[in-house]
Structures are given as structure tokens and as C-alpha cells.
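Everything on this sheet refers to the single structure shown next.
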Amino acid sequence: MKKIIVLLLCLPMVAGAQSLIGGKNILRWNIGSVAMRNYHFTYERSLTKHFSASLSYRTMAKGTLPFQDKLANVIDSKNINFGNFQIGGTAWTLEGRVYIGLGRMKGFYLAPYLRFADFDLSAPVKYTYTSTTAPTAGQTFSKEANFSGKIKSTSPGLLLGWQFQIATKIVLDLQIIGGHYGKGSGDLTFAAALSNDEVTALNNSINDIKNNSGPYKITGSANNSGALIRADGPWFGIRSNIGVGVRF
């Protein structure tokens, strides 16, 4: 691991001896995102010697929620089955980069950005009820209502990084650290025929989530044809990645 870190630190110095071959455009793929089911591509265009603008697209296949424990600590409700919680989605990012020192699309940079994201969620909510109607009167049942829907977010942020050339027309982009903070909102629905006993139990679970939702505003209710949960609150993320690009 130490050898890899030393190699990454030395690459910019070796690359500095090369002339920048290529035009004012870079098409880049963030290879580090693949581990998180993300495919992230960026087009960057140089506008002046020290400033560029870029547009990124990211898509994430729906799957298990990363960092489940972190969200469970924020929304402290045992009625959400975080183990079966699923998330996917897409995002567009507008970014401006200010390169300091080395020149056109090269060297250390500061990059303010604005991210627009759509998330596809599946959130299982647990509820337990005792039937009061025949033929199951007196029996207790534990079920899950699988809510699904979309959350849309808009988040401004700032990224610090270092981009340099490693071969003819090939660049390496070290996105060292960044983060964004904004707002997200959306509706999650569950459709099913529910008995009065189920409606009461599911409403109790939804109310428990409302009362333990931390910084998020949760509203919603159940009826005999299903349920609705509406979420509204802060949306944030951390950025750190490695990108490989072609300059042309």
C-alpha cells in the first residue's frame, strides 16, 4: 500500500516533464466509482489557461444501500428494514475548475459544482398486528410493506483535486476530497389491499418513523388500499475518486 501511495505522489512529477499533447477537451471515466456500482463519465472543456467547465453523468444500478449503519443512526427506527433497503439512480453534475499553477487543465485545482440527482428507492417498512376478524382472529402477523419511489436532490459542493498527464493524450485525475450539501424530497408509495388491523399497525410504524427521522421531515399515512410516505430534508455526499481520461 505504501508503494502505491508513493507511486501516485511521484506520477505528477514524472508527468510534468511531458508536453501536453492534445486539444482543449478531455473525456474522462471515474474508475474508482465501479466499486460502488457507479459508472461516472465526464466531458471537460478548457475555456482559458486556468479555467475549465465540465458536465458529468453518473448512473448507479439499483442494489443494497451502501453504509446502511450510517443511515440507521440518523433515522433511528427499528421499523425500517435497512438490510433490504435498495437504492439506485442517476445524477448530472455541472462543474467549473480553477487550475492553480501548472497550466491548461493540469495541476492542482479547486472545483465548485452543482449536482442534480434522481434516486430510485425501495424501503421495506415492518409492521405487526393481531387480527380481530375471523377466521384469523387472535393470530399475530408480522409483515413488511415495500415502499418504492423517487427522491430528487439538488446539491452545491466543492472538490479539491490534481490532474496531470501520464502518457500521450492520457490524463489521470486524482479527485482528492470534496463534498456537497443540499436538499432532497420525494414520495414513496405502497399499494396493497389492507385490512383495518393492518392499516392501524402500518400507521403506527409510519408514525414511529416520523418521530425518529432526525433532520428529515417525514409525513404519511396508510389506508385500505396502501400507504404513502413523503420525505423532505437535507441531502449530502462525499466525493473522492480516480479518473482516467483522453485528451483531444
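Dipole orientation for the chain: of the candidates 139, 84, 113, 113 has the Cα lying most toward the positive pole (charges on Cβ; Lys, Arg +1; Asp, Glu -1). Does anyone have the angle between helix 2-15 and the longest principal axis of the chain? Alpha-carbon axes, 0 to 90°, nearest 10? Approximately 50 degrees, to the nearest 10.
Here, segment 126-212 is characterised by an Rg to Rh ratio of 1.37, where Rg is the alpha-carbon radius of gyration and Rh the Kirkwood radius. Compute the helix-to-body angle for 196-211: its Cα long axis versus the longest principal axis of the chain, expressed 0 to 90° and rounded to tens. Taking Cα atoms only, the helix is inclined about 40 degrees.
Computed 3J(HN,Hα) for segment 156-173, one whole-Hz value per residue from the Karplus formula 6.51 cos²θ - 1.76 cosθ + 1.60 where θ = phi - 60°, is x, x, 9, 10, 10, x, 8, 10, 8, 8, 10, 7, 4, 6, 10, 10, 10, 10, glycine and proline marked x.
If you take all other residues with their beta carbon under 14 Å from the beta carbon of residue 56, and give Lys and Arg +1 and Asp and Glu -1, the sum is +3.
Using the average count of surrounding beta-carbon atoms within 10 Å as a protection proxy, the listed peptides 72-79, 103-110 rank, highest first, as 103-110, 72-79. If you average the sequence gap of Cα pairs under 8 Å that are 6 or more apart and divide by the length of segment 62-212, what percent do you get for the contact order? Computed over segment 62-212, the figure is 23 percent.
From helices alone, the chain scores -4500 deg cm²/dmol at 222 nm; the rule is -39500 (n - 2.57) for each run of n ≥ 4 DSSP H residues, then divide by the residue total. Please state, as a whole number in µm²/s, the translational diffusion coefficient that the Stokes-Einstein equation yields for the chain at 20 °C and 1.002 mPa s, with Rh defined as the Kirkwood radius across alpha carbon pairs. Answer from the Stokes-Einstein relation: 103 µm²/s.
Charges were assigned to the Cβ only: +1 to each Lys and Arg, -1 to each Asp and Glu. The resulting dipole of the chain about its Cα centre is roughly 1280 debye. The count of lysine pairs in segment 123-235 with alpha-carbon distances below 17 Å, taking only pairs 8 or more places apart or on different chains, stands at 7. Scanning residues 5 or more positions from residue 147 or on other chains, those with amide H under 5 Å from its amide H are 123, 125, with H placed 1.01 Å from N in the peptide plane.
Rounded to the nearest 20 Debye, what is the dipole magnitude of segment 69-115 about its Cα centre when Lys and Arg each give +1 and Asp and Glu each give -1 at the C-beta?
Numbers: 6 positive and 3 negative charges, 56 e Å.
Here the size comes out at about 280 debye.
Each peptide in 34-46, 162-174, 56-68 gets a packing score, the mean of other Cβ atoms within 10 Å over its residues, and the list from highest to lowest is 162-174, 34-46, 56-68.
Over every Cα atom in segment 55-133, the radius of gyration and the widest Cα-Cα span, Dmax, amount to 20.3, 76 Å.
Readers should treat all values here as calculations from the given coordinates under stated rules, not as data from a laboratory. Please read these numbers as outputs of a predicted model, since none were measured by experiment. Don't worry about glycine lacking a Cβ; one is built from the backbone with ideal geometry, like all the others, and counts go over all protein chains shown.
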